[in-house]
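Worksheet: one structure, shown below.
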Amino acid sequence: PEPKPEPKPEPVKPVEPEKNEEQEKIARLLNEMAKVRAEAVKAKADTAYPAQFKSADDTAAEARSGYEANNFAAAQEKAQRAITQYRTLINQMKIAELKAKIDKNDLSSYDAESYKKAEDLSAQISGLYESDPAKAFELSEQALNYYETVKEAGFASMMNDAKKKADEARERADSVKAAAAMKDAYEKTVSRYRYAGIAAGNKKYEQAYTG
């Protein structure tokens, strides 16, 4: 019988030095950076704002390089900058969606002052994106809040109108004891009226109005 080949010795793995606290902190920051970037991609910010997205990606690459070179201070600064830029892009996508909804439903007149503030703030974001990312993010948050206020005011008013109409329809239907042909539509109106009341109680005016 042939002699069995001798088992090859297991390669000795180098013992990694224990990560110090600062290193671990930056590693967590880089993980957060990757997650926020993924959120921005999911929101399609990379296709809507390709140049700004590339700028954030370049900053993120610098953060990783700093980490690999054990230059933790630079890595932290770059990672925080990239995270802020990605978050600003996510907000810009939310702003665009919210503004489109407001314009589609003609809601701007319900709170014209907030709408104007939102417009003015939004217009400043791109100019500060590179020079002052923290300020750009702050403005995007403010603009988002103003647009949200406009949307809520608009849908609250429209829902109240719909509720009044439902009230009137219910009274009419109750008074004439709605004929069989009207019964289905009548039930839907009453059901919507009840649901609107619940949703309005939770301040979910858009949900209440659109059903």
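What the table below lists for this structure:
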quantity	calculated
Counted residues, segment 131-144 - those being buried (at least 21 other Cβ atoms within 10 Å of the Cβ) and outside any helix (DSSP H, G or I)	0
Test: residue in segment 85-93 that is over 15 Å from the mean Cα position of the chain (by Cα), at pLDDT 95 or above and closer than 18 Å to residue 140 by Cα	no
Matching residues, segment 120-144, being of a type outside the set (Gly, Ala, Ser) and touching a residue at least 12 places away in the same chain (Cβ under 8 Å)	121, 124, 125, 129, 130, 133, 137, 139, 141, 142, 144
Cβ pairs under 6 Å, 6+ apart, first in segment 148-165 and open to solvent by less than 60 Å² (accessible area, probe 1.4 Å), second modelled with pLDDT under 80 and of a type in the set (Gly, Ala, Ser)	159/196; 159/208
Flag if residue 128 is open to solvent by 20 Å² or more (accessible area, probe 1.4 Å) and either modelled with pLDDT of 95 or more or at positive phi (or both)	yes
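The values are calculated or read from the model by the stated rules, or taken from the named source; none is laboratory data. Note that this is a predicted model, so its numbers are computed, not measured. Note that we place each Cβ from the backbone using ideal geometry, even for glycine, and neighbour counts take in every protein chain shown. Accessible surface is based on the protein model in full, side chains and every heavy atom, while ligands, DNA and RNA are left aside. Shrake-Rupley method; radii C 1.70, N 1.55, O 1.52, S 1.80 Å.
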